[in-house]
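What follows is a short report on a single structure.
Only the coordinates and a few stated rules stand behind these numbers; no lab work does. All values reported here derive from a predicted model rather than from experimental measurement. Methodologically, a virtual Cβ is constructed for each residue, glycine included, from the backbone with ideal geometry; neighbour enumeration extends over all protein chains shown.
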Amino acid sequence: MGQRLGVNVDHVATLRQARRTPYPDPVTAAAIAELAGAGQITIHLREDRRHIQERDLRILRETVQTLLNLEMAATQEMVKIAYEHKPDVVTLVPERREELTTEGGLDAAGQRDHIAKIIKNLKDGDIPVSLFIDPDLDQVRASHKVNADRIELHTGRYCEARNERERSRELARIVDAAKAASRLGMTVAAGHGLNYDNVLPIARIEEIDELNIGHSIVARAVLVGFERAVREMVELLRNPG
């Protein structure tokens with residue numbers, strides 16, 4: 001497989017939290033995802049704890065056999081949590097309580113001093129750092145200047161494009177950003193809104209080595225089962241053409 005599939009299990013936790021039941025358990029989902037071929041488990045511990053809970057992070061750190069990617073806001077509270085649990089990588093993301101899901105990328109250029117400080121704190125704890133940014137060359141350069149190890153390109157505009165012309169334009173932005181980041185020595189991931197119908201053009205970008213996908217896999221799993229849903233995505237990424 002060209003790219004590592006990071007399965008985001010947040011929406012398994014969303015379903016659990018809807019009724020405050022012990023099930024479905026994102027920890028169990030993560031184990032199934034790994035058995036089905038996922039190379040990483042991704043979770044977002046939000047400030048309002050609307051889905052993933054600290055209990056999930058604690059157990060996943062003990063049980064994940066591949067890589068654990070912790071998405072989090074760039075705050076000192078979250079730095080302390082990262083220090084305690086030592087994920088394999090932290091991805092800094094923007095966060096607003098009123099949003100349904102992450103809307104747009106982190107403004108690394110506009111918040112340069114603050115983000116540089118958070119990155120230094122995390123690196124002092126030997127935790128690699130990725131920044132979730134829009135596919136914008138200024139944001140790529142800013143990410144490099146604040147000493148991020150890697151970036152994750154926000155693919156939302158590409159996924160939400162209303163026609164082929166708009167989709168091609170957004171895909172070109174992702175390609176340009178991925179190439180620029182690679183030239184600067186950063187590794188590149190991508191994610192947000194990717195599904196079984198739109199993922200292949202992103203999977204064909206050589207500079208991208210990781211895709212983080214959650215909602216579409218969990219949604220498909222409701223109908224076909226979690227293991228099959230993950231395996232189907234793994235197969236798509238293995239032979240993107």
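Computed over region 149-228, the quotient of the alpha carbon radius of gyration and 2.2 N^0.38 Å is 1.15. For GluC sites (Glu not before Pro), the sites in region 143-226 that DSSP calls loop and that have at most 16 other Cβ atoms within 10 Å are Glu160, Glu206. Shown is the FRET efficiency for Ala161 and Tyr83, computed with R0 = 45 Å from the Cβ-Cβ distance and rounded to the nearest 0.05: 0.70.
Running Debye on region 186-227 with equal point scatterers at the Cα sites and no solvent, what base-10 log of I(q)/I(0) appears at q = 0.18, 0.24 Å⁻¹? One equal scatterer on each Cα of region 186-227 leads to -0.55, -0.82.
Label point of His215 set 7 angstrom out along Cα-Cβ; within region 17-50, amide nitrogens under 19 Å from it belong to 17-18, 42-50.
3J(HN,Hα) along region 29-37: 4, 4, 5, 5, 4, 5, 4, 8, x Hz, from the Karplus curve 6.51 cos²θ - 1.76 cosθ + 1.60 with θ = phi - 60°, whole Hz, x for Gly and Pro.
Taking only DSSP H segments of four or more residues, each worth -39500 (n - 2.57), what value at 222 nm results for the chain once the sum is divided by all its residues, to the nearest 500 deg cm²/dmol? When only DSSP H runs of four or more count, the value is -14000 deg cm²/dmol.
Among DSSP bridges having both ends in region 4-238, what percentage is antiparallel? Round to the nearest 5. Approximately 0 percent, going by the DSSP bridge assignments. The HN-Hα couplings worked out from phi for region 124-137 by the Karplus form 6.51 cos²θ - 1.76 cosθ + 1.60 (θ = phi - 60°) are 4, x, 6, 10, x, 10, 10, 10, 8, 10, 5, x, 10, 4 Hz, whole numbers, x standing for Gly and Pro. The value of relative contact order for the chain, using C-alpha pairs under 8 Å at least six residues apart, is 21 percent. Label-to-label distance for Gln76 and Glu227 is 4.8 nm, based on points extended 7 Å past Cα in the beta-carbon direction. Ranked by the mean number of other Cβ atoms within 10 Å per residue, highest first, peptides 189-196, 128-135 order as 128-135, 189-196.
Between Gln53 and Tyr23, the modelled labels are 1.6 nm apart [label points 7 Å from Cα along Cα→Cβ]. Each residue in Val90, Val146, Val224 was given a count of other beta-carbon atoms within 10 angstrom of its own, and listing them fewest first yields Val224, Val146, Val90.
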